[in-house]
Amino acid sequence: MNQKNARAARKLPLFLVSPAGIAMEAHAAKGGADKYGAYNFRDGDVSASVYIGSVLRHVLAYACGEDVDPDPSANGATHIGGARAGLGILADATVHGNLLDDRAKSPRIAALFRQLLELVEKPKRPRKRRRA
């Protein structure tokens, strides 16, 4: 491997992020910037619960078969873009230190998720047939 490629291999692989996802997120972010102002989320605290709620609403609407946000202020942005934009704001607030962490933390629920995941991932054993 030549030296330039060796250095490039150690850099953050931004090329792995979907261009379609970036475009959808940018479209949704523009709607937010038009409505509230660009980078308004840096002007004060960002409540995690507000953006978690938004992301979940977008994901659930998409999961139920709705592709485009029907809110007229969204200007045709997709729910995928809206969810990514909300996650981007949470990431930005985490990095900039203005995240108000008001998540409903629950170690018991996190443990339940892990327990259920283990059950789903566990290979099924064939049942032994009983002799008649």
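Please treat every number below as a calculation from the coordinates, not as lab data. What you are looking at is a predicted structure, and each value in this text was computed from that prediction instead of being measured. In this analysis, Cβ positions are derived from the backbone assuming ideal geometry, glycine residues included, and neighbour counts consider all displayed protein chains.
A compact table of results
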| read-out | value |
| --- | --- |
| Asp67/Asp45 FRET efficiency (R0 30 Å; Cβ-Cβ; nearest 0.05) | 0.40 |
| Scattering curve values for the chain, log₁₀ I(q)/I(0), Debye with Cα scatterers, q = 0.14, 0.17, 0.22 Å⁻¹ | -0.84, -1.03, -1.26 |
| Residue-averaged [θ]222 nm for the chain, counting only DSSP H segments that reach four residues, each worth -39500 (n - 2.57) | -18500 deg cm²/dmol |
| Chain lengthening between Ala8 and Arg108 when straightened (0.36 nm per residue, less Cα-Cα) | 31.8 nm |
| Helix 79-96 vs. the chain, principal-axis angle (Cα, 0 to 90°, nearest 10) | 80 degrees |
| Distant-in-sequence amide H partners of Ser47 (H built 1.01 Å from N, under 5 Å) | Leu100 |
| Charge dipole (the chain, unit charges on Cβ, about Cα centre) - positive-most of Ala63, Leu90, Gly76 | Ala63 |
| DSSP-assigned coil residues among trypsin sites (Lys or Arg not before Pro) in the range 5-60, each with at most 15 further Cβ atoms within 10 Å | Arg10, Lys11 |
| Helix axis angle, 107-121 relative to the chain longest principal axis, alpha carbon, degrees | 60 degrees |
| Nearest-ten-degree value, helix 48-63 long axis tilted from longest Cα axis of the chain | 70 degrees |
| Unit charges on C-beta of K, R, D, E only; dipole of the range 17-103, Debye | 100 debye |
| At 1.306 mPa s and 10 °C, Stokes D of the range 39-84 from Kirkwood alpha-carbon radius, µm² per second | 140 µm²/s |
